[in-house]
């Protein structure tokens, strides 16, 4: 994906919360600052390896995961189950690439379903989803170094889908009187 949809969603949400003086302002400003720190890291430490590191996305995922981890009721089991599902996907893609048409859509729905069923809440699902992706990035990087020749960390499809999914879910569950409870 050439256009960074996820970055634009975060940027526009940060601007919207800033102008409206919402309680979620701190959360989106933290994401925006994390993204800027990561972008500076990409400029200072450019990747010359075939592994393409998106530091801005990784830092945003770390901040989002930390925020969700603090608010999640169930933490360890959702992270383990979702990481297991993501590891199975990675193993299957390494051994049988292209076996399923639209495989990335199938796997992302399985990942969301496992995270949602085990997390049982918005923040539990978010913590399981983001944490499993971060854990999988480390496993792929160090386990498949000789097998996988090129990889984006994180994958652009998973990044854009994840940002869009959680932004839409947050908007659908938003009630103006309960904004303090959401974030």
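The values are calculated or read from the model by the stated rules, or taken from the named source; none is laboratory data. A quick note: this is a predicted structure, and the numbers were derived from the prediction, not measured. Using ideal geometry, Cβ is built from the backbone for each residue, glycine included, and neighbour counts are taken over all protein chains shown.
What to note about this one:
- Enumeration of residues in segment 71-97 that are over 20 Å from residue 113 (Cα atoms) and in contact (Cβ under 8 Å) with a residue 40 or more places away in the chain: 94
- Per-region count, segment 74-88, residues touching a helix residue (DSSP H, G or I) at 6+ places or on another chain (Cβ under 7 Å), at pLDDT 90 or above and surrounded by fewer than 18 Cβ atoms within 10 Å (Cβ to Cβ): 2
- Selected residue (only one of 113, 91 is modelled with pLDDT of 85 or more and either in a helix (DSSP H, G or I) or surrounded by 17 or more Cβ atoms within 10 Å (Cβ to Cβ) (or both)): 113
- Residues (surrounded by fewer than 17 Cβ atoms within 10 Å (Cβ to Cβ) and in contact with a helix residue (DSSP H, G or I) (Cβ under 8 Å, 6 or more places away or on another chain)) located in segment 56-69: 62
- Residues of segment 18-36 classified as under 17 Å from residue 67 (Cα atoms) and either at pLDDT 85 or above or assigned to a helix (DSSP H, G or I) (or both), total: 11
- Scanning segment 1-17 for residues that are under 15 Å from residue 57 (Cα atoms) and part of a helix (DSSP H, G or I), we see that the one that is modelled with the lowest pLDDT is 5.
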